[in-house]
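As structure tokens, the structure follows; a few thoughts come after it.
The values are calculated or read from the model by the stated rules, or taken from the named source; none is laboratory data. Note that this is a predicted model, so its numbers are computed, not measured. Counting neighbours? That spans all protein chains shown, and the Cβs are built from the backbone with ideal geometry, glycine included.
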Ligand SMILES: Cc1cc2nc3c(=O)[nH]c(=O)nc-3n(C[C@H](O)[C@H](O)[C@H](O)COP(=O)(O)OP(=O)(O)OC[C@H]3O[C@@H](n4cnc5c(N)ncnc54)[C@H](O)[C@@H]3O)c2cc1C
């Protein structure tokens with residue numbers, strides 16, 4: 001015997017809960033269930049943002065917000081006009097959760113705890129009478145007459161409307177491909193670069209504003225760069241890992257980057273600046289103090305890399321060494337060999353092809369009564385609360401169109 005519901009959301013994560021709650025609150029008549037394969041629901045929400053849950057980002061203009069999405073920029077414009085980050089704040093406020101903005105624009109619950117978000121979803125779903133059924137790993141999906149049939153390893157379910165919110169699960173993508181949808185090959189996004197290089201070996205923890213380019217590509221990002229025990233991380237690197245996710249995967253994470261530690265100066269301008277510094281500091285020792293606004297420890301390493309000996313005075317710096325130093329400052333090459341997990345947030349790029357989704361309703365263009373929300377579709381963002389915003393926005397739209 002199968003259990004019937006008006007709506008089934010497969011996947012008890014951020015998108016599944018947000019969708020189910022929005023449907024139920026708008027149409028209390030509907031019988032709604034969430035099917036989750038794990039013993040627990042909302043596991044990613046729990047660990048998100050280092051346990052604090054970076055719920056959204058203080059960027060309130062749809063046209064600006066879309067720029068943070070390497071995949072989905074064009075398609076999200078309409079959806080963000082329906083439900084943007086300001087609406088997220090209002091939604092959570094209405095459900096008893098106050099959010100705060102941090103200096104860099106990230107927004108967290110004022111409690112600094114992801115449990116607050118989990119409690120909010122659990123309370124709202126209980127109040128709305130949503131049935132949460134755990135330990136149900138969906139094994140097959142098909143449409144028979146007017147219903148969707150959903151078989152798990154234990155039970156059988158039918159639903160009038162089916163919402164898939166299973167995140168980045170390859171087995172589910174295979175099942176969806178079996179329904180005729182195209183799946184863009186999944187690759188990791190938001191990772192750090194493994195680099196073994198004398199210039200940064202002893203500098204873990206050092207951070208500087210930099211522009212980083214992936215050589216032989218158009219990939220470029222500016223932002224704080226953090227030296228780690230394994231290589232490089234920080235916003236500049238994470239942005240590159242997101243925008244370049246498919247390209248870097250193709251390169252099997254073996255590629256060269258160039259780093260401009262002076263950011264707004266190019267090679268020629270750096271040479272000119274160094275010549276002026278030479279005039280003004282002739283008696284001082286080059287390696288002793290960085291004349292630029294970045295850490296001394298990094299400056300010392302770049303000076304050594306430019307073959308300038310430790311005791312050299314500015315007055316004795318030859319044009320050749322000025323050139324070498326300017327090169328180290330503005331276009332030093334570093335070889336990346338592999339990637340590491342960025343523990344605060346990671347996502348998968350790839351998923352259901354955006355061309356096959358109606359973004360006014362988040363409905364499949366191939367099947368009736370089939371909807372998608374969250375990371376299951378080929379949308380992902382850089383770090384900062386944008387990935388959850390995609391889950392909230394798509395969940396809201398499904399909620400609106402179903403209810
Ligand atoms: C460590 C970490 C920290 C993060 N921090 C942040 C952050 O602070 N801010 C931010 O914006 N983003 C963050 N993200 C990204 C964010 O968590 C995801 O984008 C978001 O959770 C996607 O939501 P979702 O509901 O689509 O997928 P998920 O949260 O992955 O939920 C999918 C659910 O479906 C279930 N499922 C899968 N297959 C089946 C099946 N066959 N049958 C039944 N159930 C199934 C899974 O068990 C899971 O519970 C973080 C990610 C990670 C890994």
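The figures follow:
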{"read-out": "Selection status of residue 43, buried (at least 24 other Cβ atoms within 10 Å of the Cβ), within 11 Å of the ligand (Cβ to nearest atom) and at pLDDT 95 or above", "value": "no"}
{"read-out": "Candidate set from the range 375-403 (those that are in a loop (DSSP other than H, G, I, E, B) and over 18 Å from residue 81 (Cα atoms)); member that is modelled with the lowest pLDDT", "value": "403"}
{"read-out": "Whichever residue in the range 72-90 is in contact with a helix residue (DSSP H, G or I) (Cβ under 8 Å, 6 or more places away or on another chain), touching a residue at least 24 places away in the same chain (Cβ under 8 Å) and in a helix (DSSP H, G or I) and, among such residues, is surrounded by the fewest Cβ atoms within 10 Å (Cβ to Cβ)", "value": "82"}
{"read-out": "Positions within the range 12-21 being near the ligand (Cβ under 6 Å from one of its atoms) and closer than 10 Å to residue 374 by Cα, in sequence order", "value": "13, 14, 15, 16"}
{"read-out": "All positions within the range 102-120 that are without any contact (Cβ under 8 Å) to a residue 60 or more places away in the chain, within 14 Å of the ligand (Cβ to nearest atom) and surrounded by fewer than 20 Cβ atoms within 10 Å (Cβ to Cβ)", "value": "102"}
{"read-out": "Criterion violated by residue 307 - all others in (1) exposed (fewer than 14 other Cβ atoms within 10 Å of the Cβ); (2) in a helix (DSSP H, G or I) satisfied", "value": "(2)"}
{"read-out": "Options 222, 196: the member that is in a strand (DSSP E or B), at pLDDT 95 or above and away from the ligand (no atom under 16 Å from the Cβ)", "value": "222"}
{"read-out": "Selection from the range 169-191 of residues that are in contact with a helix residue (DSSP H, G or I) (Cβ under 6 Å, 6 or more places away or on another chain), over 17 Å from residue 357 (Cβ atoms) and part of a strand (DSSP E or B)", "value": "187, 189, 191"}
{"read-out": "Unique residue being farther than 24 Å from residue 102 by Cβ and more than 13 Å from the ligand (Cβ to nearest atom) when the list is 31, 37, 71", "value": "31"}
{"read-out": "Subset tally (residues that are within 20 Å of the chain's Cα centre (by Cα) and within 11 Å of the ligand (Cβ to nearest atom)) for the range 174-193", "value": "3"}
{"read-out": "Residue list for the range 274-293, restricted to those being buried (at least 16 other Cβ atoms within 10 Å of the Cβ) and either out of contact with any helix residue (DSSP H, G or I) (no Cβ under 9 Å at 6 or more places or on another chain) or free of Cβ contacts under 8 Å to residues at least 12 places away in the same chain (or both)", "value": "290"}
{"read-out": "Number of the exception - residue 263 against (1) closer than 22 Å to residue 200 by Cβ; (2) touching a strand residue (DSSP E or B) at 6+ places or on another chain (Cβ under 6 Å); (3) at pLDDT 95 or above", "value": "(3)"}
{"read-out": "Residue that is within 16 Å of the ligand (Cβ to nearest atom) and out of contact with any strand residue (DSSP E or B) (no Cβ under 8 Å at 6 or more places or on another chain), where the choices are 341, 348, 383", "value": "383"}
{"read-out": "Out of 166, 158, 211, sole residue that is outside any loop (DSSP other than H, G, I, E, B), farther than 19 Å from residue 341 by Cα and not assigned by TED's automatic domain parsing to the domain that holds residue 236", "value": "158"}
{"read-out": "The range 46-67, residues that are in contact with a strand residue (DSSP E or B) (Cβ under 7 Å, 6 or more places away or on another chain) and either in a helix (DSSP H, G or I) or exposed (fewer than 14 other Cβ atoms within 10 Å of the Cβ) (or both)", "value": "49"}
{"read-out": "Hits in the range 320-356 (condition: buried (at least 21 other Cβ atoms within 10 Å of the Cβ) and farther than 30 Å from residue 379 by Cα)", "value": "322, 325, 326, 328, 329, 330"}
{"read-out": "Residues (over 21 Å from residue 180 (Cα atoms) and part of a strand (DSSP E or B)) located in the range 130-145", "value": "131, 132, 133"}
{"read-out": "Filter result for residue 93 (at pLDDT below 95, exposed (fewer than 15 other Cβ atoms within 10 Å of the Cβ) and more than 16 Å from the ligand (Cβ to nearest atom))", "value": "no"}
{"read-out": "Residue list for the range 320-374, restricted to those being at pLDDT below 95 and either over 21 Å from the mean Cα position of the chain (by Cα) or under 22 Å from residue 148 (Cβ atoms) (or both)", "value": "none"}
